[in-house]
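The values are calculated or read from the model by the stated rules, or taken from the named source; none is laboratory data. In this text, all values refer to a predicted model and were calculated from it rather than measured experimentally. Cβ coordinates were reconstructed from backbone atoms using ideal geometry, including for glycine residues, and neighbour counts include every protein chain displayed. What goes into the accessible areas is simple: the full protein's heavy atoms, side chains included, and nothing from ligands, DNA or RNA. Shrake-Rupley method; radii C 1.70, N 1.55, O 1.52, S 1.80 Å.
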Amino acid sequence: MTRKRRRLVVLLACGVGLGTATALVLTAFRDNLVFFLSPAQVAQGAPPPGRDFRLGGLVEQGSVHKTTVDGHPAAAFTVTDGAATVKVTYVGILPDLFREGQGVVAFGALRSDGTFRASEVLAKHDETYMPKEVEEALKKSGHWNPNAGPPPPAATWNALVPQQSGTPQQSGAPTQSGG
């Protein structure tokens, strides 16, 4: 074999090795990639059952039900973004700051019956904090315009109707008409 041919074989072998390593890394990355979805995005096009993702929104008022499963604390609650809701089940101890009307991000997977089985639940750490993903979802859904002030109280979220201006208004509330 000539020197030129040996160099070509070595370069081809290196290229095949590099391509294989890249393919393995990308496959591992895809399997570990976790998406954030709001309840409205889950309602529009849910990921397949068993695919892990983060679900974020507000815990709906009156939706928290605590029980025990095989001697472990369990909870069922509903997460909303004002446009849609998702039923969540969780077995474990909830964070101290977890409560109705507060922001929450849950990590888990959707089950075939449409409920979200959380393996981890994170709650906000003070009354002004909102996870960035939840904030973006609220802006996108039209339920909150940061330029118009703080987000509306969580208790009113199921009654909000997005307006063209981006500021939410409660349904059934009279609107002002200028003249």
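Figures for the structure shown
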read-out: THR167 vs. criteria farther than 18 Å from SER38 by Cα, surrounded by 14 or more Cβ atoms within 10 Å (Cβ to Cβ), β-branched (Val, Ile, Thr) and modelled with pLDDT under 90; value: yes
read-out: Test: residue in segment 142-161 that is outside any loop (DSSP other than H, G, I, E, B), at pLDDT 70 or above and either closer than 21 Å to GLN44 by Cα or within 18 Å of the chain's Cα centre (by Cα) (or both); value: no
read-out: Of all residues in segment 37-69 being outside any loop (DSSP other than H, G, I, E, B) and of a type in the set (S, T, N, Q), the one that is farthest from THR80 (Cα to Cα); value: THR68
read-out: Residue count, segment 84-127 (criterion: touching a Pro at 6+ places or on another chain (Cβ under 8 Å), in contact (Cβ under 8 Å) with a residue 24 or more places away in the chain and part of a loop (DSSP other than H, G, I, E, B)); value: 7
read-out: Output for segment 62-102, where each listed residue is open to solvent by 40 Å² or more (accessible area, probe 1.4 Å), under 24 Å from GLY142 (Cα atoms) and of a type in the set (Val, Ile, Thr); value: THR85
read-out: Of the criteria (1) out of contact with any Lys or Arg (no Cβ under 7 Å at 6 or more places or on another chain); (2) modelled with pLDDT under 90, which one ARG111 fails; value: (1)
read-out: Enumeration of residues in segment 1-60 that are among the hydroxyl-bearing types (Ser, Thr, Tyr) and either open to solvent by 60 Å² or more (accessible area, probe 1.4 Å) or modelled with pLDDT of 90 or more (or both); value: THR2, THR20, THR22, THR27
